[in-house]
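The values are calculated or read from the model by the stated rules, or taken from the named source; none is laboratory data. Because the structure is a prediction, the values reported are computed rather than measured. All Cβ positions, glycine included, derive from the backbone under ideal geometry; neighbour counts span all protein chains shown. Ligands, DNA and RNA are stripped out before the accessible areas are found, and what is left, the full protein with its side chains, is counted by its heavy atoms. Shrake-Rupley method; radii C 1.70, N 1.55, O 1.52, S 1.80 Å.
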Amino acid sequence: MGLVTGRRRTGAPTAVAVVIAAAAVLLAGCGETKARTDGAPPPKPSAPVSGKESPGPSGTPDSGPTTEPGELPDAYDFTPDPAKVPKSAARARKLTHRAMLGPDDWTAGMVVHQPYESSGTWTVLESSCVWSRAGLPDHVLDSFTRRLDVPAADGKGRVQGAMTVTVHRTVADADREIKDTVQESFRCPDQELGAGQRLSGLMSLQMDQKDVRNADASLFEAGKYEGPGSGGSHHYVWSKSRIGTVTAAVSVKGAKGYENTDLLRIAAEGAAKILYRIELALK
């Protein structure tokens, strides 16, 4: 996998590249073992990851395994059913809600964050490198965010997780979101989230497609997070993937007692399950 071109900063890229390489492995395979533990059927070769899946608006997952446990395909070759690709805001909303994880779906012990959900808005990184919310742009049919935390316990701090599923009108629109996200860290390595929250030292890598086996495209971002109650600066990771016209983003803000690898595993598990649910909705 190659480092994204255009970055002018030095020092951190090598370390971040190692983080991204680990993330690629986790994103491709983390959810599969979890799916079998939870009792959900494993995915077909085109969908190598899964999670605990409950019946969605259009039914239940296919039954019966089609791959050996732990087996992954050589390449991602899933093609959405054109009839299942949302063309209206109402259908897009059904998909974003069906794909989303709840407190019992992501990883053990997670609880609802406050605020828990937001929908019908779009985050914008201003020229000042401050994030704000605006109405959905014309190319977005729906965007839905949910936030879950790992509570503080046993001397460790509270980890904050967030997931966003977005349905675009076209594949080109969704692909542009992936590319724009990478460029945002070039433009703003330090970003203000609001309410005293700050990200710093951000670097993004778009994964080489040969390493992505559960999406059409994926990127990973890493940096540092600090905010009210954080007790200082901690690791921060963020992944974003695309299947057809749908993107899925998962972020994890670290806390005391958590290493980067801990956050990678939490993020990868959430992303794997969401991507599998997106496939279920589009197959």
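Answer yes or no as to whether R242 is in contact with an Asp or Glu (Cβ under 6 Å, 6 or more places away or on another chain) and closer than 28 Å to A90 by Cα. Criteria met by R242.
Scanning the range 224-254 for residues that are over 26 Å from I278 (Cα atoms) and open to solvent by less than 10 Å² (accessible area, probe 1.4 Å) returns Y225, G254. Within the range 188-204, residues that are among the aliphatic types (A, V, I, L, M) sit with their Cβ atoms under 6 Å from residues that are part of a loop (DSSP other than H, G, I, E, B), at 6+ positions apart or across chains, in these pairs: L202/P189.
Meeting the requirement of 2 or more residues that are under 23 Å from V159 (Cα atoms) and among the aliphatic types (A, V, I, L, M), the strands (runs of 3 or more DSSP E) wholly within the range 176-259 are 197-206, 217-226, 246-253.
Would you check if there is a residue in the range 135-150 being of a type in the set (S, T, Y) and touching a Gly at 6+ places or on another chain (Cβ under 8 Å)? So far as the range 135-150 goes, yes, one or more of its residues are of a type in the set (S, T, Y) and touching a Gly at 6+ places or on another chain (Cβ under 8 Å). Do we find that L205 is touching a Phe, Trp or Tyr at 6+ places or on another chain (Cβ under 8 Å) and open to solvent by less than 20 Å² (accessible area, probe 1.4 Å) in this structure? Against the criterion (touching a Phe, Trp or Tyr at 6+ places or on another chain (Cβ under 8 Å) and open to solvent by less than 20 Å² (accessible area, probe 1.4 Å)), L205 qualifies.
Restricting attention to the range 113-145, the residues being within 30 Å of K283 (Cα to Cα), β-branched (V, I, T) and in contact with an Asp or Glu (Cβ under 9 Å, 6 or more places away or on another chain) number 2. Number of residues in the range 86-102 that are among the aliphatic types (A, V, I, L, M), in a helix (DSSP H, G or I) and within 12 Å of A248 (Cβ to Cβ) equals 2.
Scanning the range 99-113 for residues being within 21 Å of S143 (Cβ to Cβ) and open to solvent by less than 30 Å² (accessible area, probe 1.4 Å) gives a total of 5. When F220 is tested against (1) under 16 Å from V150 (Cβ atoms); (2) at pLDDT below 95; (3) open to solvent by less than 30 Å² (accessible area, probe 1.4 Å), only condition (1) is not met. Quick one: would you say R213 is open to solvent by 50 Å² or more (accessible area, probe 1.4 Å), touching a helix residue (DSSP H, G or I) at 6+ places or on another chain (Cβ under 6 Å) and either under 16 Å from I278 (Cα atoms) or among the basic types (K, R) (or both)? When the stated conditions are applied, R213 passes them. Being loosely packed, with under 11 Cβ neighbours inside 10 Å, in a loop (DSSP other than H, G, I, E, B), of a type in the set (S, T, N, Q) and at pLDDT 50 or above, is that true of even one residue in the range 116-129? There is at least one residue in the range 116-129 that is loosely packed, with under 11 Cβ neighbours inside 10 Å, in a loop (DSSP other than H, G, I, E, B), of a type in the set (S, T, N, Q) and at pLDDT 50 or above. With respect to G155, determine if the residue is farther than 26 Å from V212 by Cα, small (G, A, S), surrounded by fewer than 11 Cβ atoms within 10 Å (Cβ to Cβ) and touching a residue at least 40 places away in the same chain (Cβ under 8 Å). For G155, the condition - farther than 26 Å from V212 by Cα, small (G, A, S), surrounded by fewer than 11 Cβ atoms within 10 Å (Cβ to Cβ) and touching a residue at least 40 places away in the same chain (Cβ under 8 Å) - is met. Criterion applied to A99, A153 was being more than 23 Å from Q197 (Cβ to Cβ) and either small (G, A, S) or in contact with a His (Cβ under 7 Å, 6 or more places away or on another chain) (or both), and the one residue passing it is A99. When we screen Q197, Q206 for residues that are over 29 Å from P82 (Cα atoms) and among the polar types (S, T, N, Q), the only hit is Q197.
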